[in-house]
Amino acid sequence: MTRLLESDIDVIERQLQTYEELFIRQTGHTMEAIARKAAGISGKVKRRKAGVVPVTSGLGVISGFSRTVGAILHHCQVETLVTEETDVAGLQQAYLSGCGMAFLADDKVCAAFGIGQKAHSDNGEATGRGYAAALVEAMKTRGIDPAGEAILIIGAGPVGQAAAGYIAEQKASPVICDLDVDKAARLAAGLEDAVFLSAPAPLREYRYLIDASTSPDLIKEEDVTEETIVAAPGMPCGATEEAGRKATVIHNPLELGIITMYFDCMKQLEE
Ligand SMILES: NC(=O)c1ccc[n+]([C@@H]2O[C@H](COP(=O)([O-])OP(=O)(O)OC[C@H]3O[C@@H](n4cnc5c(N)ncnc54)[C@H](O)[C@@H]3O)[C@@H](O)[C@H]2O)c1
């Protein structure tokens, strides 16, 4: 997991509504609607209050992180408490304040947990599924049936694995590429209709891409056309600004992953 920098997140709260409008133009749906698809929720759910608990262990609190997570959840009309207390005392404050789930992150894990009921959502998995759902819905919004379409997935870590799983569920064909060929091959072997490639992938041959790698500026202007759709959770963004001006590049550093974690937990709490 890459540790976010203060500069990755400092504008999120201020720009949430503007980013939501861009996201709707790109995918045809709100981030909440995509997160619900990624989590497999179709009907109504009674929202639960969420606690966001700052954690001081390891490298410590990223300034503004908990407040930003709270703002993202609040954007989806979730009653949210960012605890004044940190760590175990913060978790206790969330519990005593009636929160149904808690969001916590340290240097290794960013996850949401049910309080009082079993539920868990890992940020890597939620981000992979959320971005894959965003790509699939962006395709459908443009009249493209994802079934049978080749979708290049760059990076076979937790985010790429979850994205590949969602893509396979949609009956599209994941093409998995990683600098570590064995890792890509293992992931492809476990999924229907999946194939693997060794890096670098011939990017120009693909119209639909998910960049779940850690490499910046991997996808350049000459690799894309106006029809290309890139779902790019990677931090920093795997597509250059020039590529983003030509193609549709769906990228945000935190928002969709956090919203998908919330609805992933909600689904488990409803079951
Ligand atoms: N936007 C968000 O909300 C969000 C949330 C979680 C993670 N992320 C980001 O998503 C990315 C993936 O996360 P992860 O936990 O799966 O990371 P990871 O480090 O476990 O996996 C990344 C994989 O990409 C591969 N890779 C790196 N450069 C490559 C290249 N040029 N070509 C092919 N493969 C390459 C690596 O070998 C590795 O297997 C990271 O950049 C992470 O910071 C973003």
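Since every read-out is calculated from the coordinates, none of them should be taken as a lab result. A quick note: this is a predicted structure, and the numbers were derived from the prediction, not measured. Quick reminder, even Gly has a Cβ in these numbers, built from the backbone with ideal geometry, and neighbours come from all protein chains shown.
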Inset, instruction - Evaluate the Debye formula for the stretch 224-266 with equal point scatterers sitting on the alpha carbons, no solvent, and hand back log10 of I(q)/I(0) at q = 0.22, 0.26, 0.30 Å⁻¹, in q order, two decimals. - result: -0.71, -0.84, -0.98
Legend entry - 10 Å beta-carbon shell around PRO54, net charge (K/R +1, D/E -1): -2
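Can you give the Rg/Rh ratio of the chain, where Rg is from the C-alpha atoms and Rh is the Kirkwood radius? Don't skip to the answer; put the middle values down first.
Working: Rg = 18.1 Å, Rh = 18.7 Å.
Taking Rg over the Kirkwood Rh, I get 0.97.
Would you count, across the stretch 12-142, every pair of lysines whose alpha carbons are under 19 angstrom apart, provided the pair is eight or more residues apart or spans two chains?
Values: LYS37/LYS46; LYS37/LYS140; LYS46/LYS118; LYS49/LYS118.
Number of lysine pairs found: 4.
Local charge sum around CYS76 (other residues, Cβ-Cβ under 11 Å, Lys/Arg +1, Asp/Glu -1)?
Numbers: positive: ARG36, ARG47; negative: GLU20, GLU32, GLU79, GLU255.
Result for the local shell: -2.
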Inset, instruction - Grab the other residues whose beta carbon is less than 11 angstrom from that of GLU20, score K and R as +1, D and E as -1, and report the net. - result: -2
Inset, instruction - Can you grab the distance from the C-alpha centre of the stretch 75-93 to the C-alpha centre of the stretch 153-177, Å, no decimals? - result: 33
Inset, instruction - List, in order, the whole-Hz ³J(HN,Hα) value for each residue of the stretch 235-241 obtained from phi through the Karplus relation with A = 6.51, B = -1.76, C = 1.60 and θ = phi - 60°; use x for Gly and Pro. - result: 10, x, 4, x, 10, 6, 4
Inset, instruction - On each of the three principal axes of the Cα atoms of the stretch 132-250, give max minus min coordinate, whole Å, ordered largest first. - result: 35, 30, 21
Legend entry - 12 Å reach of a label modelled at GLU221, 7 Å along Cα-to-Cβ, counting backbone N of the stretch 231-271: 240-247
